[in-house]
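Note sheet for the following structure.
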Amino acid sequence: MMNIDCNFDGGNIHVVDSSDSNAIKLEIRKDKHADYSQWFYFRAQLNTLEKCSFTIVNAGQVSYPEAWDDGTIVASYDRQNWFRISTDYQRQQLHFSLTPTQPIMYFSLYIPYSYERHNDLIAWALTQQHCQLHSVGRTVEGRPVELLKITNNTHSSDQQNKKNIWIIARQHPAETMAEWYIEGLLQALLNEDNSLSRSLMANANFYIVANMNPDGSIAGNLRTNGAGVDLNRSWLVTNPEQAPESAFVSKAMDKLGVDVFLDIHGDEEIPFVFAAGCEGNPNYSVHLDKLDKKFRKTLHQINPDFRVENGYPADEPGSDDLSIACNQIGHRFNCLSLTIEMPFKDNQYLPDPIKGWGTERCKALGQASLIALQQMLADI
Ligand code: ZN
């Protein structure tokens with residue numbers, strides 16, 4: 001008998017049978033109010049340090065079953081150091097096994113980013129000189145959605161010329177790599193000794209939402225918020241009742257303006273880092289195409305983890321779904337607007353067999369994005 005539970009922030013699993021530690025059967029739960037699933041995160045209290053074997057019996061019924069092929073998951077004894085475990089996907093079931101060295105272990109689809117860590121990040125950021133709490137939205141379940149404003153003080157005439165750079169993350173709550181990215185970006189941007197950030201802040205206001213979807217994050221959801229809404233399909237006609245998180249940010253954008261928008265995500269299937277643009281938007285222009293290409297090329301030169309090619313097929317002109325944040329904001333503000341996608345798995349071009357796509361690389365990508373933005377300032 002093995003004790004398995006997920007009664008903590010971000011937890012997700014259902015135990016089917018844990019009587020035999022060499023044949024543990026589990027199921028992934030669906031999002032609380034929607035028909036999506038893939039994220040899991042659980043604790044196993046092991047009764048043996050002999051080999052343990054796990055099977056996720058409903059792996060074939062999740063949202064992206066293709067992602068299991070050649071995939072890995074992560075495990076940890078201390079929730080600080082996470083390492084990869086290889087998996088075997090056969091007959092619609094996902095198998096993994098290991099011989100543990102400690103009696104308690106955690107398993108997850110990707111390295112979690114806890115709500116406590118989120119609160120620490122926001123609290124720390126606000127103690128830094130150039131960071132203000134611009135405004136606070138509310139989630140369906142009443143949690144805060146913090147909009148940070150980061151800039152330095154300048155004369156009001158200079159202030160008018162500043163660009164407004166918006167970066168949001170975790171519309172999809174399971175894509176925790178997005179908040180690791182924001183953590184790295186904030187650490188670089190708020191570093192007093194970083195002359196790059198001083199130069200950026202002299203020319204731009206940064207508006208940052210580190211977690212768009214705390215309700216879904218805590219619930220262990222894959223894609224949706226506390227009302228079962230996929231926030232990244234809620235930007236065409238905003239809905240303050242069912243999707244107050246995106247409605248809040250969309251309204252703030254209308255008020256403040258947007259010159260660049262980056263929406264940070266993770267992709268379950270594709271094993272590299274890339275951006276998806278909004279080339280299918282009505283009125284997509286040569287100018288926007290140039291900005292898009294320059295940003296990708298620049299970021300790739302700064303951080304080769306980022307690949308220039310899109311992992312998704314580019315949308316045909318006029319075919320974009322304007323309920324997606326990147327498309328809607330790019331269209332509304334006629335600005336550089338990109339979805340950045342990081343892998344759950346690894347970067348196949350620069351693999352790391354122990355960590356896969358680990359949190360330090362998410363953070364490094366966040367920092368690299370600042371350098372790329374700095375090099376784009378004259379163009380945007
Ligand atoms: Zn996403």
(request) Taking the Cβ of each residue in Arg170, Arg117 as the centre, tally the other Cβ atoms inside 10 Å and list the residues starting with the fewest. (result) Arg117, Arg170
(message) Below 15 angstrom from the Cβ of Glu279, what's the summed charge of the other residues (Lys, Arg +1; Asp, Glu -1)?
(response) -3
(request) Would you be so kind as to identify which of His331, Phe274, Ile371 lies farthest towards the positive end of the dipole of the chain, taking Lys and Arg as +1 and Asp and Glu as -1 on Cβ and the Cα centre as origin? (result) Ile371
(request) Taking the chain as the reference, fit the longest principal axis to its C-alpha atoms, fit the long axis of helix 359-376 to the helix C-alpha atoms, and give the angle between the two in degrees, 0 to 90, nearest 10. (result) 10
(request) Could you tell me which of rounded, prolate or oblate describes region 229-324, using a ≥ b ≥ c as the square roots of the eigenvalues of the alpha-carbon gyration tensor, with rounded for a/c under 1.5 and, failing that, prolate when a/b is larger than b/c and oblate otherwise? (result) prolate
(message) Quick check: Cα centre of region 33-101 to Cα centre of region 146-168, how many Å?
(response) 43
(message) Helix 115-126 against the longest principal axis of the chain: what's the angle in degrees, Cα atoms only, rounded to the nearest 10?
(response) 30
(request) Tell me which residues come under 5 Å, amide H to amide H, from Val273 once H is placed; ignore anything under 5 positions away on its chain. (result) Arg307
(request) Only loop residues by DSSP count here, and only those with at most 11 other Cβ atoms within 10 Å; note down the GluC sites (Glu not before Pro) in region 1-79 that meet that. (result) Glu50
(request) Report, to the nearest 10°, how far helix 286-302 tilts away from the longest principal axis of the Cα atoms in the chain, using its own Cα long axis and a range of 0 to 90°. (result) 60
(message) Just the number: Rg to Rh for the chain, Cα atoms, Kirkwood Rh, two decimals.
(response) 0.98
(request) Sort Cys335, Cys278 so that the residue with the fewest other Cβ atoms within 10 Å of its own Cβ comes first and the one with the most comes last. (result) Cys335, Cys278
(message) For region 231-355, what does the relative contact order come out to in percent, with C-alpha contacts under 8 Å and a separation of six or more?
(response) 41
(request) Averaging sequence separations of C-alpha pairs under 8 Å and six or more residues apart, then dividing by the length of the chain, give the relative contact order as a whole percent. (result) 17
(request) Please label the shape of region 1-87 as rounded, prolate or oblate, based on the square roots a ≥ b ≥ c of the eigenvalues of the alpha-carbon gyration tensor (a/c under 1.5 means rounded; beyond that, a/b larger than b/c means prolate, else oblate). (result) rounded
(message) Classify region 147-271 from the C-alpha gyration tensor, please: rounded if a/c falls under 1.5, else prolate or oblate depending on whether a/b exceeds b/c.
(response) oblate
(message) Using only alpha-carbon positions, what ratio does the radius of gyration of region 154-202 give when scaled by 2.2 N^0.38 Å?
(response) 1.44
(request) Give the long-range amide H neighbours of Asn205: residues separated by 5 or more places, or on another chain, with amide H under 5 Å away, using H modelled in the peptide plane at 1.01 Å from N. (result) Lys163, Asn164, Ile165
(request) Fewest Cβ neighbours within 10 Å first, please rank Ser21, Ser195, Ser53 accordingly. (result) Ser195, Ser53, Ser21
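Coordinate-derived values only; no laboratory data. Just so it is clear, the model here is predicted, and its values are computed rather than measured. Ideal geometry is used to build each Cβ from the backbone, glycine not excepted, and the neighbour counts take in all protein chains shown.
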